[in-house]
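Remarks on the structure that follows.
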Amino acid sequence: MTIDLARARRDTPGASEVLHFNNAGAALMPAPVLEAQLRHLQQEAAMGGYEAADAAADRHEAVYDSVARLLNGEREEIALVENATVAWDMAFYSIPFRPGDRILTARAEYASNYIAFLQVARRTGAIIEVVPSDDSGALDVGALETMIDGRVRLIAITHVPTNGGLVNPAAEIGRIACRHGILYLLDACQSVGQMPIDVAAIGCDMLSATGRKYLRGPRGCGFLYVRRGVLERLEPPFLDLQAATWVAPDRYELRPDARRFENWESNVAAQLGLGAAVDYALGWGLAAIEARVVALAESLRERLRTIRGVTVTDIGRQRCGIVTFTVADRDPADIVAALHQRKMNTVTSSPRSTLLDATARRLPTVVRASVHYYNSEDEVARFAAAVAKLA
Ligand SMILES: Cc1ncc(COP(=O)(O)O)c(C=O)c1O
């Protein structure tokens with residue numbers, strides 16, 4: 001299936017207002033996502049928050065089915081949480097590390113994840129090791145294989161880093177993790193919603209994602225997938241009466257499913273919006289979305305490369321919708337601000353969010369322009385023309 005661009009833009013109220021190339025930040029929500037939330041907020045105002053949640057209970061339960069379908073997992077393997085960081089942290093901090101345990105990660109790892117590695121390493125004596133990148137800049141799968149031994153407790157990688165178009169070889173990594181029986185945590189925050197993600201094909205044990213980015217859902221929602229066979233082995237770092245039941249004065253019992261990683265109070269409107277976003281993405285088909293996103297991003301890179309003074313900084317053999325660049329002698333923040341004045345949305349990406357990669361590649365702060373399937377070829381051309389005027 002190909003994307004019906006006219007319909008995609010009609011469904012997107014913001015598409016006629018701005019040129020939005022900040023889909024890796026927070027994408028424009030389509031109308032069904034907005035409506036699902038507004039309807040619930042109106043219900044909350046009219047009848048009360050708990051009563052509105054009761055009335056929406058079936059639709060809320062269906063969100064778990066939608067996310068499970070999106071990932072090719074099961075509903076019992078899904079937890080709905082506040083954002084991707086909470087999802088990732090709940091999984092990571094559940095792992096009982098011992099002194100000498102090795103954590104293998106990639107060069108483009110996200111700052112929040114790496115900070116958690118450092119904290120846990122300091123507390124437990126676990127060791128963090130970075131798998132080298134191959135010539136294309138992706139995690140070197142051959143190097144990973146040679147680093148495996150009995151002390152590797154966890155492979156934790158970011159599928160698509162925050163600072164560029166690279167797609168790490170998640171499924172090849174998964175095959176190594178499976179073969180050696182090593183826990184595998186995938187940060188899919190930037191990849192979910194822009195490409196098919198199949199947890200069975202990838203072979204990850206845990207996967208974290210957010211609602212607001214390529215999925216086009218609301219802010220303040222995210223989810224965690226935890227494989228059934230792994231679930232029982234992981235006790236979350238925080239428990240409440242949603243995650244566990246207080247069965248005797250001196251005893252609690254954990255929920256058997258992934259909701260042991262949740263807590264009770266949640267933004268029901270946002271979670272209903274998340275469900276609508278997942279259904280909407282599935283309606284287009286993730287393969288169709290990916291094909292269009294990749295083509296638009298490549299055409300943007302090609303146009304940017306022809307502009308004197310512009311350097312495209314994306315790496316990797318397989319690339320996605322995130323396009324990053326610098327403009328010689330121009331502060332990236334000024335470029336973003338100048339584009340914003342022309343109603344063109346981008347952001348900067350600082351070396352601090354991917355310190356190892358930025359240091360290895362001597363990357364300064366870059367401009368990040370992230371395209372989605374509802375963006376048009378005309379927008380790509382107008383954007384490149386605007387950058388050319390600023391260069
Ligand atoms: C690769 C990656 N992982 C995790 C996160 C954190 O996501 P959230 O802000 O939803 O917690 C981000 C946010 O930009 C990200 O780019």
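The values are calculated or read from the model by the stated rules, or taken from the named source; none is laboratory data. None of the values given here were measured: they were computed from a predicted structure. Cβ sites come from the backbone with ideal geometry, for glycine too, and all protein chains shown count toward neighbours. Each accessible area value is taken on the protein alone, full model and side chains, heavy atoms only, with ligands, DNA and RNA left out. Shrake-Rupley method; radii C 1.70, N 1.55, O 1.52, S 1.80 Å.
Brief remarks on what is shown
- The single residue among TYR64, TYR93, TYR50 that is under 22 Å from LEU239 (Cα atoms), within 16 Å of the ligand (Cβ to nearest atom) and not hydrophobic (A, V, I, L, M, F, W, C) turns out to be TYR93.
The rows are residues; the columns are (1) open to solvent by 10 Å² or more (accessible area, probe 1.4 Å); (2) at pLDDT below 95; (3) part of a helix (DSSP H, G or I); (4) touching a Cys at 6+ places or on another chain (Cβ under 7 Å).
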{"position": "ARG352", "(1), (2), (3), (4)": "yes, no, yes, no"}
{"position": "ALA358", "(1), (2), (3), (4)": "no, no, yes, no"}
{"position": "PRO364", "(1), (2), (3), (4)": "yes, no, no, no"}
{"position": "ARG368", "(1), (2), (3), (4)": "yes, no, no, no"}
{"position": "HIS372", "(1), (2), (3), (4)": "no, no, no, no"}
{"position": "ASN375", "(1), (2), (3), (4)": "no, no, no, no"}
{"position": "ASP378", "(1), (2), (3), (4)": "yes, no, yes, no"}
{"position": "ALA381", "(1), (2), (3), (4)": "yes, no, yes, no"}
{"position": "VAL387", "(1), (2), (3), (4)": "no, no, yes, no"}
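- Qualifying residue in the stretch 1-14 (condition: open to solvent by 10 Å² or more (accessible area, probe 1.4 Å) and touching a Gly at 6+ places or on another chain (Cβ under 8 Å)): yes
- Among residues of the stretch 201-218 that are outside any loop (DSSP other than H, G, I, E, B), those with a Cβ under 7 angstrom from a residue that is within 8 Å of the ligand (Cβ to nearest atom) and of a type in the set (A, V, I, L, M), sequence gap 6+ or separate chain, pair up as SER208/ALA84; SER208/ALA87; ALA209/ALA84; ALA209/ALA87; THR210/ALA84.
- Taking the numbered list (1) open to solvent by 40 Å² or more (accessible area, probe 1.4 Å); (2) within 16 Å of the ligand (Cβ to nearest atom) in turn, LEU41 passes all entries but (2).
- Some residue of the stretch 182-193 being more than 16 Å from the ligand (Cβ to nearest atom), over 26 Å from ARG352 (Cβ atoms) and not hydroxyl-bearing (Ser, Thr, Tyr): yes
- For ALA170, the conditions (1) open to solvent by 10 Å² or more (accessible area, probe 1.4 Å); (2) in contact with a His (Cβ under 9 Å, 6 or more places away or on another chain) all hold with the exception of (1).
- In the stretch 136-166, the residues that are of a type in the set (Val, Ile, Thr) and either open to solvent by less than 10 Å² (accessible area, probe 1.4 Å) or touching a residue at least 12 places away in the same chain (Cβ under 8 Å) (or both): VAL141, ILE148, VAL152, ILE155, ILE157, THR158, VAL160, THR162
- Every residue from the stretch 340-357 that is away from the ligand (no atom under 13 Å from the Cβ) and of a type in the set (D, E, K, R): ARG342, LYS343
- All positions within the stretch 67-78 that are out of contact with any strand residue (DSSP E or B) (no Cβ under 9 Å at 6 or more places or on another chain) and in a helix (DSSP H, G or I): ARG69, ARG75, GLU76
- Per-region count, the stretch 121-146, residues small (Gly, Ala, Ser), outside any helix (DSSP H, G or I) and within 25 Å of the chain's Cα centre (by Cα): 4
- Members of the stretch 1-32 found to be not in a loop (DSSP other than H, G, I, E, B) and not hydrophobic (A, V, I, L, M, F, W, C), listed by number: ARG7, ARG9, ARG10, PRO13, GLY14, SER16, HIS20, ASN22, PRO32
- Which listed residue is within 16 Å of the ligand (Cβ to nearest atom) and either open to solvent by less than 50 Å² (accessible area, probe 1.4 Å) or farther than 30 Å from PHE21 by Cα (or both), from GLY275, GLY217: GLY217
- Residues of the stretch 142-153 satisfying the condition of being in contact with a helix residue (DSSP H, G or I) (Cβ under 9 Å, 6 or more places away or on another chain) and either within 16 Å of the ligand (Cβ to nearest atom) or within 13 Å of GLU172 (Cβ to Cβ) (or both): LEU144, GLU145
- Meets criteria (surrounded by 18 or more Cβ atoms within 10 Å (Cβ to Cβ) and closer than 20 Å to LEU231 by Cα) for ALA56: no
- The number of residues in the stretch 199-214 that are open to solvent by 10 Å² or more (accessible area, probe 1.4 Å) and either β-branched (Val, Ile, Thr) or within 13 Å of the ligand (Cβ to nearest atom) (or both) comes to 3.
Listed here are the residues, each with its yes/no results for (1) modelled with pLDDT under 95; (2) open to solvent by less than 20 Å² (accessible area, probe 1.4 Å); (3) under 29 Å from GLY217 (Cβ atoms); (4) of a type in the set (Phe, Trp, Tyr).
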residue: ARG69; (1), (2), (3), (4): no, no, yes, no
residue: ASN83; (1), (2), (3), (4): no, no, yes, no
residue: TYR93; (1), (2), (3), (4): no, no, yes, yes
residue: PRO99; (1), (2), (3), (4): no, no, no, no
residue: SER112; (1), (2), (3), (4): no, no, yes, no
residue: ASP134; (1), (2), (3), (4): no, no, no, no
